[in-house]
């Protein structure tokens with residue numbers, strides 16, 4: 001049982017480039033979310049999804065897009081990378097809502113130069 | 001909006017010392033409260049949770065009691081080990097929105113042998 005799998009683990013982008021961070025879970029969880037972790041700021045919610053075909057914005061959605069075409073996958077797209085998007089990104093899933101407790105992926109460390 | 005505030009670190013302790021990390025929250029109604037732990041180089045893991053007032057969550061020797069009167073959810077452990085060195089995050093969910101989990105800034109704990 002792999003849980004939540006994130007790829008890649010590390011990525012360096014140039015300003016203006018686009019890329020997709022991948023997230024997949026094999027627990028049949030309905031709820032999936034993306035957070036970014038910055039020093040001294042805890043984790044901030046970017047986007048979340050309560051099921052296939054349904055997504056919504058979190059606290060810091062600007063510059064990011066998501067889609068949820070299947071229950072298993074929830075990719076995060078950076079449209080035009082900026083240095084302010086340098087961060088560690090975590091994908092998390094839960095059976096239905098965060099009240100059930102999250103299972104987190106191991107993270108993607110992104111540097112934008 | 002709903003938010004949590006936790007004590008700033010870093011906290012450095014000797015093995016077998018008593019650990020307390022303070023967490024207070026602001027929310028209307030009765031949120032669910034959580035403690036997550038992040039070991040070096042890993043994603044976050046759910047440590048314990050409480051969903052209503054006076055509930056006590058416990059796991060791995062850690063405890064936290066949901067105190068409505070003081071809007072607090074302090075984390076405690078009676079005798080820490082080197083393996084408890086990690087970053088600890090307090091978090092809340094709801095009641096205004098069950099689909100968003102709000103995290104505190106995190107407290108870094110280092111336990112020395």
Checking residue A:2 against (1) modelled with pLDDT of 95 or more; (2) within 14 Å of another protein chain (Cβ to nearest Cβ); (3) farther than 29 Å from residue B:2 by Cα, which single condition isn't satisfied? (1)
Does residue B:88 satisfy the condition of being outside any helix (DSSP H, G or I) and modelled with pLDDT of 95 or more? yes
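Residues of the range B:12-52 being more than 14 Å from chain A (Cβ to nearest Cβ), in a loop (DSSP other than H, G, I, E, B) and exposed (fewer than 12 other Cβ atoms within 10 Å of the Cβ), which ones?
Going through the range B:12-52, the residues more than 14 Å from chain A (Cβ to nearest Cβ) turn out to be B:12-20, B:22, B:24, B:26, B:28.
Filter again for in a loop (DSSP other than H, G, I, E, B), leaving B:15-18, B:22, B:28.
Passing the criteria: B:16, B:18, B:28.
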Within the range A:45-74, which residues are closer than 16 Å to residue B:93 by Cα and buried (at least 16 other Cβ atoms within 10 Å of the Cβ)? A:45, A:46, A:47, A:48, A:49, A:50, A:58
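Residues checked against (1) under 12 Å from the mean Cα position of the chain (by Cα); (2) closer than 19 Å to residue B:9 by Cβ; (3) within 14 Å of chain A (Cβ to nearest Cβ):
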site	(1), (2), (3)
B:71	no, no, no
B:77	yes, yes, no
B:81	no, yes, no
B:106	yes, yes, yes
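The values are calculated or read from the model by the stated rules, or taken from the named source; none is laboratory data. Note that the structure is a prediction, hence the values are computed from the model and not measured. All Cβ positions, glycine included, derive from the backbone under ideal geometry; neighbour counts span all protein chains shown.
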